[in-house]
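The values are calculated or read from the model by the stated rules, or taken from the named source; none is laboratory data. The shown structure was predicted, so the numbers you read here are calculated from the model rather than taken from an experiment. Cβ sites come from the backbone with ideal geometry, for glycine too, and all protein chains shown count toward neighbours.
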Amino acid sequence: MAKKIFICTILFCNLYAIAQDFPPTLTKQQMYEDFDDLIHILKEGNPQLPIRQAVTGYNLLDSAKLLRFTIDTIEDYYRFIQLLDNVLDYMFDIHAIMAEQASEQRDDTTGIDIKKVNEIYSKYKQWFSALFWKQGPIQFPSSPVYINGNYYIHGIHTLTTKDGDTLILKNAKIISYNDISYQNYVNARLRGSNSIRWDFKRNQYFNKYSSFLRKGNLVIENENGNIDTVNLDKYYGIDIVQIGDVSLLHQSDFKLLGHPTTIEKKVLYFEKDKILYIYLNDMIDAENTFVEKVKEVGKDKELKKVIIDVRGNKGGGDRVWHNLLKAIVADSLIYDVKMAFCNSELMRKRLGKHAEYSKVQTFDWLPNTEYLVAQYAPSYFVPDSNSLKYKGKIYVLQDENVFSAAHSFTSYCRHIEQLVSVGEPTGLLAGFGLSPLLYQLKNSKFSFRLAPAIDVTDVNSALDVYQDLPEILIEFPFEEKIKALDYKKFDMQNENNLYKYDYLFKKVLEMK
């Protein structure tokens with residue numbers, strides 16, 4: 001009995017010691033080492049950086065390096081993790097992110113402590129959440145939207161003082177915040193993995209999810225043209241209606257959604273125009289059931305036009321749209337991708353034997369940067385034996401909320417005559433790619449992912465590498481853009497609403 005008690009005591013002490021080992025105590029030297037290693041990996045493994053600098057004039061890595069001095073003031077482990085996470089934010093890339101988890105089946109985990117990946121991520125998020133609620137003044141409860149170079153507070157906001165006075169903001173344009181133009185205010189705080197976009201028309205960055213504190217002075221231009229200076233400190237309550245046109249709530253055409261993600265994939269046939277309409281909310285179809293539904297709905301139908309709607313699609317796997325095309329087309333489609341990696345020792349090591357299929361190359365449009373360019377043989381999307389055998393145009397609808405695999409699909413349209421991408425640019429650097437690689441820093445065990453490749457297929461300029469511009473660019477008038485934002489709250493993927501209200505869909509109807 002005494003022996004059992006002794007063994008249990010030893011086990012308990014060991015477990016207690018392990019628990020006390022986290023979070024680790026890092027010396028300043030260890031922090032500097034990890035920070036410098038992160039910068040080195042970004043320099044040697046992020047092929048986007050020279051492209052972004054050539055297009056925008058911003059050297060993102062130099063901006064990230066400026067954060068190094070803050071290590072002098074950091075005494076807490078999680079503060080240091082926050083710093084490293086902020087460095088990734090400066091990459092302006094949706095795939096340059098802190099890793100949530102790792103898999104030996106999916107990732108190269110050589111030299112990586114897999115258990116630490118999830119442990120650090122989950123505990124850091126808990127710490128960050130607690131910190132957020134403890135910090136001083138809260139943010140204004142709506143995130144301004146960027147439309148045609150300006151920021152707007154979308155919807156109806158009723159601000160009320162303690163004395164009962166009210167001010168109504170309706171689709172209000174923000175002119176300034178605390179005596180600074182709002183554009184300059186946002187530009188001074190540019191960072192975020194998926195919120196920072198490039199406006200190619202105005203040659204400027206913008207923040208899709210900008211924010212400001214619920215204090216100080218806000219100057220706005222209301223929808224009626226009135227200019228108001230709003231002292232945010234005196235307004236006690238803010239009542240929000242997330243749409244600008246409240247009459248939509250009482251119209252039978254509009255079914256309010258609990259959340260936009262509740263919209264499911266759809267396949268519809270519109271008899272009057274012989275259109276097969278396909279809506280993809282994501283690129284997930286593990287059992288191929290959706291692709292089979294497309295064949296079922298389109299079977300034996302006269303098809304004059306096929307429309308694939310990927311607006312709001314957050315991505316998933318490329319195989320979904322590969323299989324979708326094979327279910328529709330009559331003839332094989334070539335898939336000839338040209339991807340480039342940093343020409344560095346780090347990437348040669350990570351690519352392993354695949355580096356043998358790459359050659360060092362510079363481009364006329366970026367002559368001072370060498371890349372490792374993969375030389376893969378072209379492949380083909382061969383139609384299924386029971387495909388719809390459709391030979392006409394396939395229009396792919398894109399908006400500013402297309403990501404990852406969905407964006408690869410819209411980029412692919414540029415290379416195939418039968419496919420036509422239509423809609424709005426995303427401001428993201430998109431195109432074909434490989435799964436982001438997993439890295440882990442030595443001392444802190446901070447783990448992160450980084451996209452290893454850029455798509456240089458049929459590229460003639462650095463801007464072309466962004467691959468975000470649809471082939472047919474549709475510019476929404478301001479009023480139509482506001483309507484489109486309102487419509488996101490409703491189920492619009494049906495024949496009635498698409499034909500009556502959807503600006504982009506109606507534009508495609510006009511195309512031959």
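Structure notes:
- Enumerated strands (runs of 3 or more DSSP E) restricted to segment 377-435, each holding at least 3 residues that are among the aliphatic types (A, V, I, L, M): 394-398, 419-423
- Exclusive hit being at pLDDT below 95 and either under 30 Å from Lys170 (Cβ atoms) or crowded, with 18+ Cβ neighbours inside 10 Å (or both), set Ile51, Ile81, Ile138: Ile138
- Qualifying residue in segment 203-216 (condition: closer than 15 Å to Asn148 by Cβ and either among the basic types (Lys, Arg) or not assigned by TED's automatic domain parsing to the domain that holds Ile174 (or both)): yes
- Restricting Lys170, Lys123 to those that are at pLDDT 95 or above and within 25 Å of the chain's Cα centre (by Cα) reduces the list to Lys123.
- Test: Tyr58 is assigned to a helix (DSSP H, G or I), closer than 28 Å to Tyr209 by Cα and in contact with a strand residue (DSSP E or B) (Cβ under 8 Å, 6 or more places away or on another chain): no
Each row is one residue, and each column tells you yes or no for (1) touching a strand residue (DSSP E or B) at 6+ places or on another chain (Cβ under 6 Å); (2) touching a residue at least 60 places away in the same chain (Cβ under 8 Å); (3) over 17 Å from Lys445 (Cα atoms); (4) not polar (S, T, N, Q).
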site	(1), (2), (3), (4)
Leu49	no, no, yes, yes
Thr70	no, no, yes, no
Phe80	no, yes, no, yes
Phe92	yes, yes, yes, yes
Ala96	yes, yes, no, yes
Arg106	no, yes, yes, yes
Asp113	no, yes, no, yes
Ser129	no, no, yes, no
Asn148	no, yes, yes, no
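- Filter result for Val465 (buried (at least 24 other Cβ atoms within 10 Å of the Cβ) and modelled with pLDDT of 95 or more): yes
- Segment 284-309, subset in contact (Cβ under 8 Å) with a residue 24 or more places away in the chain and farther than 20 Å from Pro383 by Cβ, residue surrounded by the most Cβ atoms within 10 Å (Cβ to Cβ): Asp309
- Hits in segment 226-242 (condition: surrounded by 12 or more Cβ atoms within 10 Å (Cβ to Cβ) and part of a loop (DSSP other than H, G, I, E, B)): Gln242
- Residue in segment 269-289 that is modelled with the lowest pLDDT, counting only those that are over 19 Å from Glu495 (Cβ atoms) and not charged (D, E, K, R): Ala286
- Of the set (1) touching a residue at least 24 places away in the same chain (Cβ under 8 Å); (2) surrounded by fewer than 18 Cβ atoms within 10 Å (Cβ to Cβ), all apply to Ile454 but (2).
- Among the residues listed as Val320, Val337, the single one being part of a loop (DSSP other than H, G, I, E, B) and either free of Cβ contacts under 8 Å to residues at least 60 places away in the same chain or among the β-branched types (Val, Ile, Thr) (or both): Val337
- Segment 353-392 - residue that is of a type in the set (A, V, I, L, M, F, W, C) and loosely packed, with under 13 Cβ neighbours inside 10 Å and, of those, modelled with the highest pLDDT: Val382
- Segment 209-225 - residue that is in a loop (DSSP other than H, G, I, E, B) and touching a Phe, Trp or Tyr at 6+ places or on another chain (Cβ under 6 Å) and, of those, surrounded by the most Cβ atoms within 10 Å (Cβ to Cβ): Phe212
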